[in-house]
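The values are calculated or read from the model by the stated rules, or taken from the named source; none is laboratory data. Remember, predicted model here, so these are calculated numbers, not experimental data. Glycine gets a Cβ as well: all are built from the backbone with ideal geometry, and neighbour counts include every protein chain shown. The protein model used for the area step is the full one, side chains on, heavy atoms only, and it has no ligands, DNA or RNA in it. Shrake-Rupley method; radii C 1.70, N 1.55, O 1.52, S 1.80 Å.
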Amino acid sequence: MAEQDYRALHGVILQVVRSRSHNPADLADLFDLLGRLDPEDKWQFWAWLGRRDRNLKHWLLTQGKQWRAA
């Protein structure tokens, strides 16, 4: 993945997180999308996100744990 892909994915994630409805289906689609990333791309995106938006990364990790536990 390239820098512009990271920015685009970051934008999609922010749209879902900031949406007023917080539709569970949107979150399911988001986590499905993240889960489909190639392992190397996923690792690189997480590293990029940690440098770019630590709060969002933390939120995703927390929500992901809750999502899997449910």
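Mind computing the radius of gyration and Dmax over the alpha-carbon atoms of the chain? Å is fine for both.
11.7, 33
Can you tell which of His58, Trp43, Gln4 lies farthest toward the positive end of the dipole of the chain, using +1 and -1 charges on the Cβ of basic and acidic side chains (Lys, Arg; Asp, Glu)?
His58
When the chain is treated as a GNM, springs tying every alpha-carbon pair under 10 Å, which of Leu37, Leu27, Leu56 comes out with the largest mean-square fluctuation?
Leu37
Anything in the chain that counts as a DSSP H helix reaching 15 Å or more along its axis (C-alpha) with Kyte-Doolittle mean of at least 0.0? List them, would you?
Working: long enough: 3-18 (22 Å, -0.09); 24-35 (16 Å, 0.76); 39-52 (19 Å, -1.41); 54-69 (23 Å, -1.26).
Those that pass (Cα extent of 15 Å or more, hydropathy at least 0.0) are 24-35.
May I ask you to give the percent of accessible area on the chain that is carbon plus sulfur, with a probe radius of 1.4 Å?
Details: 2540 of 4990 Å².
Percent of accessible area from carbon and sulfur atoms in the chain: 51.
How about region 1-42: which trypsin sites (Lys or Arg not before Pro) there lie in a loop by DSSP and see at most 11 other Cβ atoms within 10 Å? List each step's numbers first, then the result.
Working: sites: Arg7, Arg18, Arg20, Arg36, Lys42; in loops: Arg20, Arg36.
Those satisfying the criteria are Arg20, Arg36.
Within region 2-66, report the chymotrypsin sites (Phe, Trp or Tyr not before Pro) that DSSP leaves as loop and that have at most 13 other Cβ atoms within 10 Å.
Numbers: sites: Tyr6, Phe31, Trp43, Phe45, Trp46, Trp48, Trp59; in loops: none.
The qualifying sites: there are none.
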